Each structure stands twice: as structure tokens, then as C-alpha cells.
Amino acid sequence: MRWIGALVGLGLMFLAGATLAHGLSRIGVARQVALEAEAARLRQQVGELQSRIAFWQAAGAALVPPEGIAHRSPDETSSTLAVQKALFELGAEAGLTLSTIGAAPPPAGFSQPVVAVELEARGPIGAVATYLAGLEAVEPRLAVSQMVIRAAPRGFEAAQRMSQVTMRLVVWGFWVSTAEEL
């Protein structure tokens, strides 16, 4: 008789285990179905967002910047030279001594063509302020992506070191090709 009780106990344990396993698997299946539905919804959202991004990128590429925003020139080199000339003349008017001026890598991520110029100059702090104020008024518009202003190097007398600074700028602007118009 003991073995019948043990057999019944073993059967009840098996039944309880099977019931528990069945219940857990139903929970697992329900969770899996919910996760698959969520993944499908997210894939649909990704597709919608990708199409919206493509739409706006195409719209941005088709835009032509307004007259006061972009430099108009036959090619990138001409546009870079025009920016360099404007920066050089502005520096001379402000009383700065330009030591270096040249093309720089333009900032990335624009749908329109961009040119950049790097310059280094030195002079009185007031001349730097005048230069930066003049830079804000330049048309077509230019933007500063990097600016470093430091006290003058040690070669200057103490009195001059207090008023003299060196400046390094990277300035960029949009340009539009006029080659089609020619």
C-alpha cells in the first residue's frame, strides 16, 4: 500500500509540474507574441522615419540659399578665394596682422556646398573685437566654427603682452555655383 501512496504522490507531482510548465509556456508564448508585435511596430516606425528623412534630405538638396547667405562663384576655389579676400581686407581695416590664411576642411553634414577658411592673426585686443564685429556684418554671411584667442607670445614686452593677442579662426560659408549661368 505504501507504494500506491508513493505512486499517487509521484503522479500528483508530475501533474503539478506539467500544469506549471504548461502555464509558464503559455506566458512565454504570450510574451513572445507581444514582443513580435512590438518588433513589427518598431520596424514600421523605422521605415516611416527613413522615408521622412529621405524626403527632407531631398528637399534640402533642392533648395538654393538666398542671395545674402551664399557666395556665388563658378567653382569652389573661386568661392574660397573670395572668402579669403574678404577676411584679409577686414583684417587690414581692423588693424590686425594676418600671419596665415588658407583653405580649411569645411564642416560636414550640410546638403549644400560649403567652403571654409582658416586664418591666424595678431594685434591689439580692440582690433580683434573690431574684426569680429565686422565679420558679423560681412555679406554673404559667414559663420565661425572655431575660434581661439590667446595672450601674445613671450617675445613682446610686458606692456604689449597685456594688450596684444593672437587669434585663430575657422570661418565657413555656403556657396552656389554660377557655372550653369555662364
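Taken together, the values in this text are just the output of simple stated rules run on the coordinates, not laboratory data. The structure displayed is predicted, hence computed values, not measured ones. As a convention, Cβ positions derive from the backbone with ideal geometry for all residues, glycine included, and neighbour counts pool all protein chains shown.
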Using modelled amide H (1.01 Å from N, peptide plane; none on Pro or chain starts), what sits under 5 Å from the amide H of Gln146, excluding residues fewer than 5 places away? Val170
Ranked from fewest to most other Cβ atoms within 10 Å of their own Cβ, Phe110, Phe174 fall in the order Phe110, Phe174
Amide H to amide H, which residues 5 or more places from Ala104 or on other chains are under 5 Å from it, using H placed in the peptide plane? Ala116, Val117, Glu118
In sequence order, what are the phi-derived ³J(HN,Hα) couplings for the range 95-111 according to the Karplus relation 6.51 cos²θ - 1.76 cosθ + 1.60 with θ = phi - 60°, rounded to whole Hz, with x for glycine and proline? x, 8, 9, 7, 9, 9, 8, x, 5, 10, x, x, x, 8, x, 9, 8
Karplus-derived 3J(HN,Hα), 6.51/-1.76/1.60, for each residue of the range 125-135, Hz, glycine and proline x: 4, x, 5, 5, 4, 4, 4, 5, 5, x, 5
